[in-house]
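Chemist: Pasting in a structure now, in structure tokens, and then I'll have a few things to ask.
Since every read-out is calculated from the coordinates, none of them should be taken as a lab result. These figures come from a predicted structure and were not determined experimentally. Methodologically, a virtual Cβ is constructed for each residue, glycine included, from the backbone with ideal geometry; neighbour enumeration extends over all protein chains shown.
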Amino acid sequence: MVRETLLIPFSISNLVVKLATFYNPNGGTGACGKPLQNSDLIVALSSAQYSGGSNCGRRIAVHYQGKSVDATVEDRCPGCGSGSIDLSPAAFQQLAPLSAGRIQVTWDFV
């Protein structure tokens, strides 16, 4: 008997399995009104999760292949699908090398 495992994106409670990418804020001002640096542990949420700025300053825990990073919501990612996130290079590199480009992560507000 051959057993196969199929991994399907899911949502349990507020835990979300979605795509994570990275972007370079380069000192620009984020949607939450603060200047952001590539070295900051920050995240941009999709427009749906950004929720008009109501999640600015909240922290999320992001998990990928046994690694995790806590990042602060400081920006909005208008090109991200619902639940997907855009991390600063510093936050992304806590999970994977920048060369990975896009990774499937789980995340939740902490």
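Chemist: Lys and Arg at +1, Asp and Glu at -1: add these up for the other residues within a Cβ distance under 13 Å of residue 35 and post the number.
Modeler: That sum, taken over residues with Cβ under 13 Å, equals -2.
Chemist: Net charge within 15 Å of residue 76 by Cβ-Cβ distance, Lys/Arg positive one each and Asp/Glu negative one each, not counting residue 76 itself?
Modeler: -1
Chemist: Show that you can apply the helix-only estimate: for the chain, add -39,500 (n - 2.57) for every DSSP H stretch of four or more residues, divide by all residues, and state [θ] at 222 nm to the nearest 500.
Modeler: -1500 deg cm²/dmol
Chemist: Still on this structure, please answer the following. Measure of size requested: the Rg and Dmax of the chain, with Cα atoms as the atom set and Å as the unit; please supply both.
Modeler: Taking only Cα atoms of the chain, I get Rg and Dmax of 14.1, 57 Å.
Chemist: About the Cα centre of the chain, how large is the charge dipole given +1 on each Lys and Arg Cβ and -1 on each Asp and Glu Cβ? Please answer in debye to the nearest 20.
Modeler: 100
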